[in-house]
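Peer 1: Starting off with a structure, shown below.
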Amino acid sequence: MSVITSRLYQTLPLTTPLVLAPMAGAAGGALAVACARAGALGLIGGGYGDLEWVKVEYAKAFALATESIDTVAAVSSLTNTTSPTRTRLGIGFITWRLDTDASALDWVLDQAHKPAAMMFSFGNPARYTQRVQQHHIPIICQAQRVDQVSQLIDAGAQIIVAQGGEAGGHGMRSDQARGTFTLVPEIADWLAKHSPNTLLLAAGGIADGRGLAAAMMLGADGGLVGSRLWVTQECLAPVAALQQAVNAKGDDTARSSVFDVLRHLEWPEPYDFRALRNDTHRQWEQKIHQLRQHPEAARKNYLEGVAQQDFTRAHVTVGEATGLIHDIPSATAVIESMTHQARALQIRAK
Ligand SMILES: Cc1cc2nc3c(=O)[nH]c(=O)nc-3n(C[C@H](O)[C@H](O)[C@H](O)COP(=O)(O)O)c2cc1C
């Protein structure tokens, strides 16, 4: 009998050291439950703090989880699962946006079903963490550089996510982004020295068991996965967008602010956004200043693309891991397959 050993299980009732990234608008209740069912932590994408969306998806998650059986526990004797799926559901928020409206966070904290964990990304969460700690909810914070980590620990992070620039969606802008392969061990060393009880997840480019095993070899306690779990049956994004990701290579993505400007998203420095480098991206990537000054025509073209599901014009949010994604399975199957592959690689390495 062998399971992937991880310190993560001391804090969270998981049977695999994997976490669904809280992808805004895409990681709804169904995706979170599909991951939790397979033993991972399912973080709902609370994103920009849209209260109505969070109410619907959070309620959906707990309703689905209550009906669900734990398939891993049911079919596998390799696990020692005793926790029900609903103890593996959490939520994440974009920190800087909470400064405008934290009503969704407060609503979640008022619910009878408390989240298993709450994640904060992109900014200093110190204003919000005390109210989360009062409920004894573990806090996960995403960092992109080593020099952000001490502030996040001071704010109450029990788990740090080290996000490399390969990641899909928002992250550190390209001229300051770090690669996952060096960021993870450097933060692991920093934590070992300064805060040994703080756990570490790797993020950015983990799309199969090789990535998970490698992340753990680099010193992470597990992996946080976005792109691979975005391209699944439970994702809320249109299937036509997922198909674009299946067809793309890792070479086909790029980081910039193009799609933030087109979507009226006022992201602060120093963050930008990785997506497929489609026609819209190519047209504006060297002319961001011009786009900011006169966005009207480009916005019209982009919005038409969204309405028509024309992804040469509309954005497709995936990271470099897109080149490792060749199908659109259920998220439960993805988690199970990553876990089995990582476990086999670890056994072989012993
Ligand atoms: C479609 C998509 C949406 C994302 N939205 C968020 C978000 O709302 N909040 C957040 O903290 N991270 C978000 N991320 C970034 C993830 O937290 C994570 O760092 C990243 O997906 C990891 O890299 P990977 O995409 O290679 O797995 C998003 C990622 C993707 C692919």
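The values are calculated or read from the model by the stated rules, or taken from the named source; none is laboratory data. Please read these numbers as outputs of a predicted model, since none were measured by experiment. Positions of Cβ are backbone-derived with ideal geometry, glycine not excepted, and every protein chain shown enters the neighbour counts.
Peer 1: Applying the selection to segment 23-33, what residues are within 9 Å of LEU64 (Cβ to Cβ) and either out of contact with any Pro (no Cβ under 9 Å at 6 or more places or on another chain) or part of a loop (DSSP other than H, G, I, E, B) (or both)? Walk me through it before giving the result.
Peer 2: So the first thing to find is which residues in segment 23-33 are within 9 Å of LEU64 (Cβ to Cβ), and the list is 29-30, 32-33.
Within segment 23-33, GLY29, ALA30, VAL33 qualify.
Peer 1: I'm checking my understanding of the structure. Among residues of segment 5-46 that are of a type in the set (A, V, I, L, M, F, W, C) and more than 15 Å from the ligand (Cβ to nearest atom), which one is nearest to ARG88 (Cα to Cα)?
Peer 2: Pass one, segment 5-46, residues of a type in the set (A, V, I, L, M, F, W, C): 8, 12, 14, 18-21, 23-24, 26-27, 30-36, 38, 40-41, 43-44.
Next, from what is left, pick out any that are more than 15 Å from the ligand (Cβ to nearest atom): 8, 12, 14, 30, 33-34, 36, 38.
Numbers: LEU8: 12, LEU12: 7, LEU14: 7, ALA30: 13, VAL33: 8, ALA34: 11, ALA36: 5, ALA38: 10 Å.
Applying the filter and picking the extreme gives ALA36.
Peer 1: Please identify the pairs in which a residue from segment 255-273 that is over 16 Å from GLN148 (Cβ atoms) has its Cβ atom under 6 Å from the Cβ atom of a residue that is β-branched (Val, Ile, Thr) and not in a loop (DSSP other than H, G, I, E, B), counting only partners at least 6 apart or on another chain.
Peer 2: If the second residue must be β-branched (Val, Ile, Thr) and not in a loop (DSSP other than H, G, I, E, B), the pairs left are SER257/ILE288.
Peer 1: On to the next question. Filter segment 264-285 down to the residues that are hydrophobic (A, V, I, L, M, F, W, C) and farther than 23 Å from TRP96 by Cβ, then identify the one that is surrounded by the most Cβ atoms within 10 Å (Cβ to Cβ).
Peer 2: Top of the filtered list is LEU276.
Peer 1: Any residue in segment 23-49 that is farther than 13 Å from THR232 by Cα and modelled with pLDDT of 95 or more sitting within a Cβ distance under 9 Å of a residue that is basic (Lys, Arg) and within 13 Å of the ligand (Cβ to nearest atom)? List the pairs, counting only those 6 or more apart or interchain.
Peer 2: Filtered contacts from segment 23-49: GLY47/ARG97; TYR48/ARG97; GLY49/ARG97.
Peer 1: I'm trying to understand the selection: among the residues of segment 191-228, which are touching a helix residue (DSSP H, G or I) at 6+ places or on another chain (Cβ under 7 Å), within 13 Å of the ligand (Cβ to nearest atom) and assigned to a helix (DSSP H, G or I)?
Peer 2: LEU212, ALA215, SER227, ARG228
Peer 1: Take the residues in segment 121-134 that are farther than 16 Å from LEU12 by Cβ and surrounded by 16 or more Cβ atoms within 10 Å (Cβ to Cβ), then tell me which one is nearest to the chain's Cα centre (by Cα).
Peer 2: Across segment 121-134, the extreme among qualifying residues is SER121.
Peer 1: Additional query: Of the numbered conditions (1) surrounded by fewer than 17 Cβ atoms within 10 Å (Cβ to Cβ); (2) modelled with pLDDT of 95 or more; (3) outside any loop (DSSP other than H, G, I, E, B), TRP96 fails exactly one; give the number of that condition.
Peer 2: All conditions are met except number (1).
Peer 1: All but one of (1) modelled with pLDDT under 95; (2) within 12 Å of the ligand (Cβ to nearest atom) hold for SER174, so report the exception by its number.
Peer 2: (2)
Peer 1: Sort out which residues of segment 162-190 are more than 22 Å from LEU14 (Cα to Cα) and in a helix (DSSP H, G or I), and write them in order of number. Even if it seems obvious, please write down each step before you answer.
Peer 2: Pass one, segment 162-190, residues more than 22 Å from LEU14 (Cα to Cα): 164-183, 185-187, 189-190.
Listed by number, the residues that qualify are THR180, PHE181, THR182, LEU183, PRO185, GLU186, ILE187, ASP189, TRP190.
Peer 1: Also, I was wondering about something else. Enumerate the pairs (first residue in segment 196-216 and of a type in the set (Asp, Glu); second residue anywhere and away from the ligand (no atom under 13 Å from the Cβ) and modelled with pLDDT of 95 or more) with beta-carbon separation below 8 Å, excluding pairs fewer than 6 apart on the same chain, so at least 6 apart or on different chains.
Peer 2: Filtered contacts from segment 196-216: ASP208/SER337; ASP208/GLN341.
Peer 1: Follow-up. Do we have VAL231 as within 30 Å of THR16 (Cα to Cα) and either modelled with pLDDT under 95 or hydrophobic (A, V, I, L, M, F, W, C) (or both) here?
Peer 2: In short, yes.
Peer 1: Determine whether segment 261-281 contains at least one residue that is in a helix (DSSP H, G or I), of a type in the set (Phe, Trp, Tyr) and modelled with pLDDT of 95 or more.
Peer 2: No, segment 261-281 contains no residue that is in a helix (DSSP H, G or I), of a type in the set (Phe, Trp, Tyr) and modelled with pLDDT of 95 or more.
Peer 1: While we're looking at this one, here's another question. Please indicate, with yes or no, whether at least one residue in segment 286-303 is under 26 Å from PRO22 (Cα atoms) and either surrounded by fewer than 18 Cβ atoms within 10 Å (Cβ to Cβ) or assigned by TED's automatic domain parsing to the domain that holds MET172 (or both). Walk me through how you get there before you give the answer.
Peer 2: Of segment 286-303, the ones under 26 Å from PRO22 (Cα atoms) are 302-303.
Now narrow it down to the ones that are either surrounded by fewer than 18 Cβ atoms within 10 Å (Cβ to Cβ) or assigned by TED's automatic domain parsing to the domain that holds MET172 (or both): 303.
Yes, there is a match, as at least one residue in segment 286-303 is under 26 Å from PRO22 (Cα atoms) and either surrounded by fewer than 18 Cβ atoms within 10 Å (Cβ to Cβ) or assigned by TED's automatic domain parsing to the domain that holds MET172 (or both).
One line per residue, one yes/no per condition, for (1) surrounded by 18 or more Cβ atoms within 10 Å (Cβ to Cβ); (2) among the aliphatic types (A, V, I, L, M); (3) within 11 Å of the ligand (Cβ to nearest atom):
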| position | (1), (2), (3) |
| --- | --- |
| TRP230 | yes, no, yes |
| PRO238 | no, no, no |
| LEU242 | yes, yes, yes |
| ALA248 | yes, yes, no |
| THR253 | yes, no, yes |
| SER257 | yes, no, no |
| LEU262 | yes, yes, no |
